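Computed from the coordinates by the stated procedures, all read-outs in this text should not be read as laboratory data. Computed from a predicted structure; not experimentally measured. Neighbour counts run over all protein chains shown; Cβ positions are idealised from the backbone, glycine included.
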Amino acid sequence: MKMNRFLTLAILLCLSWTLGSCDANRVFEENQDLPNNQWPVKLTPTFTFEIKDTTKQYNVYFNVRNAVSYQFYNLYLRHYLIGPDGKQVSSALHEMFLMDPKTGEPKGSGAGDIFDHQFRALKNVRFAKTGKYQLKVSQYMRQDPLPSMMAIGVRVEKLAP
């Protein structure tokens, strides 16, 4: 009897996790670990994603993972969006707050000394052409390498109808 309950609970947990991880609006998501939890200025992670529908609008997010030992409350990133034709579509500097500037409390979600953040970088974007786009991300801080940075990622999602 206990085995049946355990098996039923295990199946329900697996089913719940599987259904919960479905994300119909996600077009692309990838995270890249930074070597030795440091981000050198010369390291520019590049993310390649495909746009198949130019009639839709999209949001593009940065995913950031840092250790609580990160020395600053903010993070500056610059993005370079390259179109399927190899030409730069856009570039911008972004400021993100990883810690509360007044209290120093970490923002984002985390456990222990690791925190994950998601920041919207591009809002309501319409891509002009179908094809593969590249999003290059560079850190724009004054410290090289930037310590306590664990990973950087990009998420592209369609706006819900």
From the residues 150, 71, 27, which one has its Cα farthest along the dipole of the chain in the positive direction, the dipole being from +1 and -1 charges on Cβ of Lys/Arg and Asp/Glu about the Cα centre? 27
Given labels modelled 7 Å from the Cα in the Cβ direction, how far is it in nm from residue 57 to residue 29? 2.2 nm
For percent of Cα pairs over 25 Å apart, with candidates (1) 23; (2) 28; (3) 42, the value calculated from the shown model is option (3)
For residue 146, list long-range residues whose amide hydrogen, built 1.01 Å from N in the peptide plane, is under 5 Å from its own amide hydrogen. 39, 41
Label-point separation in nm, residue 129 to residue 68, each point 7 Å along Cα→Cβ: 4.8 nm
Sorted by chain and then number, the residues having a modelled amide H within less than 5 Å of the amide H of residue 107, at least 5 places away or on another chain, are 99, 100
Checking 103, 48, 130 against a Gaussian network model of the chain (alpha-carbon springs below 10 Å), the top fluctuating residue turns out to be 103
